[in-house]
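Let me begin by presenting the structure, written as structure tokens, before commenting on it.
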Amino acid sequence: MDSHRLLKIGLFGFGCVGQGLYDILSREESLPYKVERICVKTPNKLRPLPAESFTYDPQEVLQDESLDILVEAISDAAEAYTIVAEALRKGKKVVTANKKLVAYHLPELLALQQEFGGVLLYEAAVAGGIPIIRTVEEYFSNEPLERVHGILNGSSNYILSQIFKLQKGYAEALKEAQDKGFAELDPWLDVAGADARHKLCILTAHAFGKTIAPEDVAFFGIDYLGDQDVAYAKQNDAVIKMVASSHLTADGELVPVVLPSLVNASDDLFVVEQEFNGVVVQGTYSGPQLFKGRGAGGHPTGAAVLSDIVSISQGYSYGYKKLHRTTNAPALALDFEFEVYLRSSEPDLVVTLGLANLQNVQRENDTFSVIGTVSLGNLIKAQEQIRSAGAYIMALSSDFAGAYAKKEKEKAELS
Ligand code: HSE
């Protein structure tokens with residue numbers, strides 16, 4: 001492509017991300033990119049541009065051969081899938097910010113690129129403005145990783161910061177996260193851990209060369225966080241963070257999970273506040289490194305989309321190096337044990353979870369809280385029951401991989 005020519009962008013969606021990108025491009029006049037067409041769903045909605053700037057028919061954008069790059073920034077994952085799949089079938093260069101779309105369809109999206117010669121980039125889909133996909137894909141392409149974990153949802157982190165730092169209530173903090181444009185259209189995705197799960201699936205594919213289906217990842221959120229859980233964290237000199245984590249066990253099996261965790265001041269994630277995300281990439285040789293940045297919001301996410309636009313226009317595509325190199329994709333370590341805190345009013349849950357090594361059982365009215373150990377397999381099996389019971393579960397440390405093993409070792413040495 002002639003680098004001086006103005007490249008034309010077809011944009012789907014004009015919400016937080018679409019407007020963020022549009023605003024950045026309007027301010028950065030020297031950049032050779034122009035949003036030429038914008039497709040939105042709902043006519044007659046109050047928007048910061050005149051109505052004639054928009055089309056309501058995706059085909060008008062998909063069929064427009066004068067467009068160089070298509071950007072998909074709508075929130076509905078099913079519609080986003082239809083648009084992105086059709087664009088890739090036409091061999092287009094496509095940038096998406098839709099994590100649910102990528103998490104659920106990655107193998108198919110890879111196949112479409114191979115068959116039709118299009119390209120798909122999605123840096124904005126994981127950790128907002130942090131360039132974590134390309135970092136893991138490129139910088140760490142040759143180093144085996146032991147673990148990637150972190151805070152991958154800005155809204156829930158914002159809520160937790162407001163609760164722990166400013167003593168605000170959950171509902172007020174959630175409303176703020178929505179008003180600031182951090183939350184999903186359906187904020188359940190944020191607070192229940194489902195959005196973090198989508199992002200973890202994508203990150204895991206690049207970090208470990210394994211495409212995992214979202215259904216393989218147990219997820220737990222802060223939607224049932226109660227005052228007594230916050231008090232428990234404070235008594236233990238900790239805050240709570242929603243941690244998404246994939247690590248490999250010594251046997252090479254994978255442990256992917258989204259689980260709120262106690263986090264104390266010595267934890268890398270302790271400093272990640274408000275809508276920021278933080279990702280710790282632990283290389284076998286380089287050790288742990290924390291990447292921290294704004295995980296939500298129009299400008300940070302729009303900046304990540306812009307970076308993809310620049311890269312895709314210069315011929316970049318993900319090499320999926322680990323994915324192509326991995327012959328034996330790791331299985332899930334269903335026996336891996338977590339040390340957790342559970343609060344519920346349903347004693348049956350203790351049985352379903354197979355909670356072992358019980359300690360600190362406390363009761364108040366019809367509610368109890370207990371500490372124990374649970375396997376990944378049982379977490380996966382019991383997750384729906386935990387959600388429907390309105391129970392709250394969290395890990396006692398974000399160091400899933402090390403904390404329990406260390407305690408067991410200490411116990412064995414003492415006995
Ligand atoms: N709702 C998402 C979040 C937006 O809060 O992290 C960025 O993916």
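Free of Cβ contacts under 8 Å to residues at least 24 places away in the same chain and not basic (Lys, Arg): which single residue out of Asn264, Asn277, Asn360 fits that description? Full working, then the answer.
On the way: Asn264 fails: free of Cβ contacts under 8 Å to residues at least 24 places away in the same chain; Asn277 fails: free of Cβ contacts under 8 Å to residues at least 24 places away in the same chain.
Sole residue among the options that is free of Cβ contacts under 8 Å to residues at least 24 places away in the same chain and not basic (Lys, Arg): Asn360.
Apart from one condition, Ala173 fits all of (1) more than 10 Å from the ligand (Cβ to nearest atom); (2) touching a strand residue (DSSP E or B) at 6+ places or on another chain (Cβ under 8 Å); the exception is (2).
Filtering segment 154-170 to residues that are of a type in the set (S, T, N, Q) and more than 10 Å from the ligand (Cβ to nearest atom) leaves Ser161, Gln162, Gln167.
Condition check ((1) closer than 16 Å to Tyr318 by Cα; (2) touching a His at 6+ places or on another chain (Cβ under 7 Å); (3) more than 16 Å from the ligand (Cβ to nearest atom)) across all residues:
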position	(1), (2), (3)
Ala85	no, no, yes
Val94	yes, no, yes
Val102	yes, no, no
Pro107	yes, no, yes
Phe116	yes, no, yes
Tyr139	yes, no, yes
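A search for C-beta distances below 6 Å between a residue of segment 134-156 that is at negative phi and any residue that is part of a loop (DSSP other than H, G, I, E, B) and more than 16 Å from the ligand (Cβ to nearest atom), counting only pairs 6+ apart in sequence or on different chains, returns Glu137/Tyr318; Glu143/Tyr285; Pro144/Thr284; Glu146/Thr284.
Scanning segment 176-192 for residues that are near the ligand (Cβ under 10 Å from one of its atoms), within 16 Å of the chain's Cα centre (by Cα) and buried (at least 22 other Cβ atoms within 10 Å of the Cβ) yields Phe182, Ala183, Leu189, Asp190, Val191.
Of the residues making up segment 293-308, just one is charged (D, E, K, R) and part of a strand (DSSP E or B), namely Arg294.
Among all positions in segment 240-251, there is at least one residue which is charged (D, E, K, R) and within 24 Å of Ile133 (Cβ to Cβ).
I'd like to know if segment 28-39 contains one or more residues that are outside any strand (DSSP E or B), within 23 Å of Leu185 (Cβ to Cβ), more than 24 Å from the chain's Cα centre (by Cα) and not aromatic (Phe, Trp, Tyr).
Here is the first cut: in segment 28-39, the ones outside any strand (DSSP E or B) are 28-32.
Next, only the ones that are within 23 Å of Leu185 (Cβ to Cβ) stay: none.
No; the residues of segment 28-39 include none that is outside any strand (DSSP E or B), within 23 Å of Leu185 (Cβ to Cβ), more than 24 Å from the chain's Cα centre (by Cα) and not aromatic (Phe, Trp, Tyr).
Rule-based calculations on the coordinates, nothing more; no lab input. This one's a predicted model, so the numbers in the text were calculated from it and none came from an experiment. Reconstructed Cβ throughout: ideal geometry from the backbone, glycine too, with neighbour counts over all protein chains shown.
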